[in-house]
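Chemist: Below is one structure. I have some questions about it.
What follows is calculated from the coordinates using simple rules that are stated; it is not laboratory data. Just so it is clear, the model here is predicted, and its values are computed rather than measured. Quick reminder, even Gly has a Cβ in these numbers, built from the backbone with ideal geometry, and neighbours come from all protein chains shown.
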C-alpha cells in the first residue's frame, strides 16, 4: 500500500481547509450557534420537553447531524472535483496509487474535517444547554460513520459532476431538504399520521434517530433499524465508488 | 541500449467509436530522446496517456522496463514522469509544496536536498516560496517539469513542452532536456515544432490518424529522405534544356539564367560530376553553384501527405 501517497492527499486536503479556515470551520460553527440561539433559546424556551429532554438539548444531535452531513458532502465533493476542474487529476492517475488509496486520502480528509466540526459544535452546545450523553462511545462511532458515509457520497458527487452547478445540485436540492425534514428539529410522532409514514421514507430520519438515541436513549425508530440502515447506505456508496473506479467512469478517458 | 518501453498492437477506441490509436507498435530504448511528430488529433497524447495510466487500453500490451503497465502499474508508474500539454497546477499552492506533493504521491520520502537541487536546475529556486498563480507561463511550465521529476523517474514524457513559450525559454527547455538525457533519463516528447525534434531528438516517430507512419534515427531519416537541390547559375541564358542534359530532369528558372538539379544524398552517386562534365562537353559554362538541403519539416509534410 502507498501510505505516503495516501498521506500526501490527506495532508494536502487538510492544508486546503486550513488555508480557508473561515469557510471550513468558522462558518458552519457560526451557523449552528445561530440555530441554537433561534431554536434553542428563543423558540425552545416556549416549547415543552420532548421525551423528558429540554427542546434546546433535543435539537443538539439533529444540528450536529445537519452540519456534518452537509460538510462531509461539500468537502469531499469539492476535494475531488477541484483537481478535475483544474486538470491536476493526471497526477493522481499517473502515480503508483490504487483507486482505493485515492478514495482513502480524499474521503479520509473530508471525514476528519466533518468529524472535527461535529465535535466542535458538540462542545459549543454546552455553552447553551445542559447536555448529558448516555452512550458517548456509540455516539462517537455513529458520528464517525455518518461523516465517512456522507464523504463517500460527496466523493461520488464530485466525480460525477461536470460543472459547479451539478456539484451543488445534489447537496442543495436533495440533501438539504432531506436533512431538514429528517427530524433535526422535531420527532416524527409530532407530525400528522400521513406525514409520519411519509417521513419514514426519508433515509436521514434513521441517521438522526440513531444519533439522538446515543444522546438520550430514545429515537424515532429502533436503534438497530438505524444501524442497519446506516450499514446499507454505506455499502451502497462503497459499491458505487467501486463501480466508478472499475470502469474509470468520468475519471479515465 | 536496452529497451525500456515496448508498445505492442495498441488499440485505443473511445466510447463514441473513434479509434485514436490503431494497432500501434513502438519500442523505445533506454536513454534516448524520441520525438513524436504529428498533426493535431494524430493520437500522440492518447499514446502517452495509455502508457502513463490516464487512459484505458482497448487492446494490446504496453510494457515498461519489461513490466505490464496494467498488472504492474505501481512499479511501472514509479519509473515514469509526465508533463502534460495543459498547464495544470493548483494555483494557490507554493511551488515547493506542489513539487513535494508530487514526490509524496509516488510514495517517496521527503528529500529536501534533491528537491532544492532540482528547483535550482530548473531556475526555480528563487521562486520556491511563490504562489503558483503569481508565476509566468514559462515558470509554470518549469514547475510542471519539476513535479514530473520530483520522484527521480527514469522515463520522462513531455507532451508539447514548449507549446506557447517564447524562443528563449524554448532553448532553455532544450538544454534542460539534453541535460536530463546526459543523466540517463529516457525522454519521449511530442511536438509540433519540427525544429525542436531536429535539434534534440535521437529518433523521430511520425504519427497520423492513430498510426505510426515511421520511426527512425533522425540522421538516417534526414539522410534517407533528404533531396538536395543544386542551383546552377549560367553565364549565358538558355531557352530550353539541351537534349544531352534532358536525362538530369533539370528545371529552368530565372528566365533561363539558372537551372535546378535534384539529387539524393542517400544514393551512391549524386550525378553532379557527370552533369558538370556533360555541361562542359556541350559548352555550357556555369557562373555560380549553390546547394540547398531539405529540412525535417519538408520530410514531415511529405510523409503526412503520402
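Chemist: I'd like the distance between the alpha-carbon centres of the range A:13-75 and the range B:1-64, rounded to an integer number of Å.
Modeler: Comparing the Cα centres of the range A:13-75 and the range B:1-64, I get a distance of 53 Å.
Chemist: Counting only helical runs of four or more DSSP H residues, what would the 222 nm mean residue ellipticity of chain B come to if each run contributes -39,500 (n - 2.57) and the total is spread over all its residues?
Modeler: Here the helix-only value at 222 nm equals -9500 deg cm²/dmol.
Chemist: Please build a GNM for chain B, connecting alpha carbons under 10 Å apart, and tell me which residue among B:137, B:283, B:81 fluctuates the most.
Modeler: B:283
Chemist: How would you classify the range B:3-223 from its alpha-carbon gyration tensor, with a ≥ b ≥ c the square roots of the eigenvalues: rounded for a/c under 1.5, else prolate if a/b is greater than b/c, otherwise oblate?
Modeler: Cα axes put the range B:3-223 in the prolate bin.
Chemist: Please find the FRET efficiency linking residue B:183 to residue A:135, where r is the Cβ-Cβ separation and R0 is fixed at 56 Å, and quote it to the nearest 0.05.
Modeler: 0.35
Chemist: What nm distance separates the two modelled labels at residue A:246 and residue B:238, each placed 7 Å from Cα along Cα→Cβ?
Modeler: Result: 7.6 nm between the two label points.
Chemist: What number, in percent, do you get for the relative contact order of the range A:98-239 if the mean sequence gap of Cα pairs under 8 Å and at least 6 apart is divided by its residue count?
Modeler: Relative contact order here is 27 percent.
Chemist: Sum -39500 (n - 2.57) across every DSSP H segment of at least 4 residues in chain A, then divide by the residue count to get the 222 nm mean residue ellipticity, nearest 500.
Modeler: Counting only the DSSP helices, I get -22500 deg cm²/dmol.
Chemist: Then there's this: Helix A:99-125 against the longest principal axis of chain A: what's the angle in degrees, Cα atoms only, rounded to the nearest 10?
Modeler: 30
Chemist: I would also like to ask the following. Give the shape of the protein assembly as shown as rounded, prolate or oblate, defined through the alpha-carbon gyration tensor: a ≥ b ≥ c are the square roots of its eigenvalues, a/c under 1.5 means rounded, and otherwise the shape is prolate if a/b is larger than b/c and oblate if not.
Modeler: prolate
Chemist: Going by how many other Cβ atoms sit within 10 Å of their own, how do B:26, A:131, A:63 line up, fewest first?
Modeler: Ascending Cβ contact count within 10 Å gives the list A:131, B:26, A:63.
Chemist: Helix A:55-86: angle to the longest alpha-carbon principal axis of chain A, degrees 0 to 90, nearest 10?
Modeler: 10
Chemist: What does the C-alpha gyration tensor say about the overall shape of the range B:135-198? Classify as rounded when a/c is under 1.5, otherwise prolate if a/b is larger than b/c, or oblate.
Modeler: Oblate shape, in that a/c is at least 1.5 and b/c is the bigger or equal ratio.
Chemist: Please give the length that would be gained between residue B:281 and residue B:131 if that part of the chain were fully extended, namely 0.36 nm times their separation in residues minus their C-alpha to C-alpha distance (nm, one decimal).
Modeler: 46.5 nm
Chemist: For B:77, B:269, what's the fewest-to-most ordering of other Cβ within 10 Å of each Cβ?
Modeler: B:269, B:77
Chemist: Can you give me the angle between helix B:137-149 and the longest principal axis of chain B, using Cα atoms only, in degrees from 0 to 90, rounded to the nearest 10?
Modeler: With rounding to tens, the tilt is 70 degrees.
Chemist: With a 10 Å Cβ neighbour count serving as the proxy for reagent exposure, in which order, fewest first, do A:123, A:141, A:237 appear?
Modeler: With the sparsest Cβ surroundings first, the list reads A:123, A:141, A:237.
Chemist: Oh, and also: May I ask you to compute the full-extension gain from residue A:49 to residue A:119, defined as 0.36 nm times their residue separation minus their alpha-carbon distance, rounded to one decimal in nm?
Modeler: 22.8 nm
Chemist: Still on this structure, I have one more. Given the options A:148, A:139, A:65, state which has the largest fluctuation in a GNM of chain A using a 10 Å cut-off (strictly under) for Cα springs.
Modeler: In the Gaussian network model the winner is A:139.
Chemist: Here's a follow-up. Report relative contact order for chain B in percent, whole number only (criteria: Cα-Cα under 8 Å, sequence separation at least 6).
Modeler: 19
Chemist: Also: Rank B:243, B:191, B:76 by mean-square fluctuation in a GNM of chain B with C-alpha springs under 10 angstrom and give only the top-ranked residue.
Modeler: Of B:243, B:191, B:76, the Gaussian network model singles out B:243 as fluctuating most.
Chemist: Where in the range B:24-51 does the amide nitrogen come within less than 16 Å of the point 7 Å from the Cα of residue B:220, taken along Cα to Cβ?
Modeler: B:26-30, B:32-35
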